[in-house]
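First the structure, in the form of structure tokens, and then the observations on it.
The values are calculated or read from the model by the stated rules, or taken from the named source; none is laboratory data. Values in this document were obtained by computation on a predicted structure and should not be read as measured data. Positions of Cβ are generated from backbone atoms using ideal geometry, with glycine treated the same way; all protein chains shown enter the neighbour counts. All accessible areas refer to the heavy atoms of the entire protein, side chains included, with ligands and DNA or RNA removed. Shrake-Rupley method; radii C 1.70, N 1.55, O 1.52, S 1.80 Å.
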Amino acid sequence: MDLENIVFEKYGIVPKSYEKIKNIYKIFDGNEFFILKTVNETHDRFLFIFEVFDHLNDNGFNSIPKIISTLDGLKYISIDHKDAYLSKFVEGRLCNYFNPIDLKMATENLANIHLSSRGFNSKFDFISNINNWFKWIPDFLNKIEQLKRFKELALKNNNKSEFEKIYLENVDKAINIGINACDKLISSEYINIMKEHVKYREFCHHDYANHNILIDNEKVYTIDFDYCILDTHLHDLASLILRCMKYGYWDVSKAYEVIDTYSKFIKIDYRELIVMCNFMEFPQSYWQIGLQYFIEKLPWQEEVFIKRLLRFLNDLDDKNEFINMLIKGDGL
């Protein structure tokens, strides 16, 4: 791929230098930086992302990268059979979820994304990996079955790796936790709450990790909407709480601070707290590690898999105690 010619031909920009970082190219033209991003998704999902960008911009949410159109007025191009788009480079440092000021800014920003997302209509709401409304329970049930499958695969291996031995020692516990979380969700107000929330026609960022939040003084920018889905705002909020708590930082008062900050924009009631707790209880990380090892067979050293697995296991008791305390609702 001749990046320089493509960028000049499509955008009239003459790159002086560029750097490839995963699926993006950071381009410098001598005056400013640009990001050319390729998206490894179907064309429909790619177009869905642009629907999201347009809706946020139309609703006045400008804390996302500015997309640059081609000389022909198109929003995207094709590179090596992949869709790609060019945007202005966003200046800023990575958000630190363990810094209370950063976390507050990120939480307020998330609430503003959800408010700005409301009233969204998509041409692609029929696509299963885009529309996640009412799917938490079937998703949990499917992942429980996958956990059982991972167990079978590990048992079949006569020459078990150290990772497989540790995984097998704990997989039944993870399955039981998953079943328990799913049963609680089924008996909760989840379906009724979704019937209320689906009327908002909102979407979730679905990957609100700290590296996708950039802070420049008092300005917060959100990047990488590749995994955006149609779902309740509770999905993103519960995920944010997990992200700023895991690895030994399970602090109930901190979780209530996040909820309180968010509630200044979108009120969270006790029914919704219960649903979020059921969501957070599910052993998502244990399932994901198993998927990466047994199915996706990611080319990582075994030590990496073991480290990720032990992180989850070492967190398990503290996480359980945290959820039990949070579910009391004393901080609402």
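Just a few scattered comments:
- Euclidean distance of C-alpha centroids, segment 81-125 and segment 1-80, integer Å: 17 Å
- Relative compactness, the chain, computed as alpha-carbon Rg over 2.2 N^0.38 Å: 1.07
- Taking the C-alpha atoms only, the angle from helix 270-281 to the longest principal axis of the chain is near 90 degrees.
- Compared with the dominant Cα axis of the chain, that is its longest principal axis, helix 302-326 is turned about 70°.
- Accessible area expressed per residue, segment 193-332, with surrounding protein chains retained (probe 1.4 Å, Å²): 45 Å²
- The apolar share of the surface of segment 1-108, taken as the fraction of accessible area on carbon and sulfur atoms (1.4 Å probe, ligands and nucleic acids excluded), comes to 50 percent.
- At 1.002 mPa s and 20 °C, Stokes D of segment 125-168 from Kirkwood alpha-carbon radius, µm² per second: 171 µm²/s
- Comparing segment 81-187 with the 2.2 N^0.38 Å rule of thumb, its C-alpha radius of gyration ratio is 1.60 (two decimals).
- Cα shape, segment 239-281, gyration tensor, a/c 1.5 rule: oblate
- Protein heavy-atom accessible surface, 1.4 Å probe, per residue over segment 47-121: 48 Å².
- Gyration tensor verdict on segment 1-131 (Cα atoms; rounded if a/c is under 1.5, prolate if a/b is larger than b/c, oblate otherwise): oblate
- Inter-label distance for residue 62 and residue 170, nm, one decimal - labels placed 7 Å from Cα along Cα-to-Cβ: 4.7 nm
- Scaled to the globular estimate 2.2 N^0.38 Å, the Cα spread of segment 228-332, given as radius of gyration, is 1.19.
- Residue separation of residue 264 and residue 134 scaled by 0.36 nm, minus their Cα-Cα distance, works out to 44.2 nm of gained length.
- Take the Cα of residue 21, step 7 Å toward its Cβ, do the same at residue 33, and the gap between the two points is 0.6 nm.
- If R0 equals 25 Å, the separation of the Cβ atoms of residue 316 and residue 211 corresponds to a calculated FRET efficiency of about 0.50.
- Among 57, 96, 217: highest mean-square fluctuation, GNM of the chain, C-alpha pairs under 10 Å: 217
- Straight-line reach from residue 16: taking Cα to Cα under 20 Å and skipping same-chain neighbours fewer than 8 places apart, the aspartates and glutamates in range are 2, 4, 29, 32, 91.
- More than 23 angstrom apart: percent of Cα pairs within segment 167-256: 45 percent
- Compared with the alpha-carbon gap, the fully stretched path from residue 292 to residue 78 is longer by 74.1 nm at 0.36 nm per residue.
- Within the accessible surface of segment 141-244, defined with a 1.4 Å probe on protein heavy atoms only, the carbon and sulfur portion equals 45 percent.
- Cross-link reach is defined here as a Cα-Cα straight distance under 24 Å, omitting same-chain residues fewer than 8 places apart; for residue 10 the lysines meeting it are 20, 22, 26, 37, 66, 75, 82, 88.
- Estimated FRET transfer efficiency when R0 is 56 angstrom, pair residue 104-residue 14 (beta carbons, to 0.05): 0.85
- Per the Debye formula on identical point scatterers at the alpha carbon atoms of segment 261-316, with no solvent, log10 I(q)/I(0) at q = 0.15, 0.23, 0.27, 0.28 Å⁻¹ is -0.60, -0.87, -1.05, -1.09.
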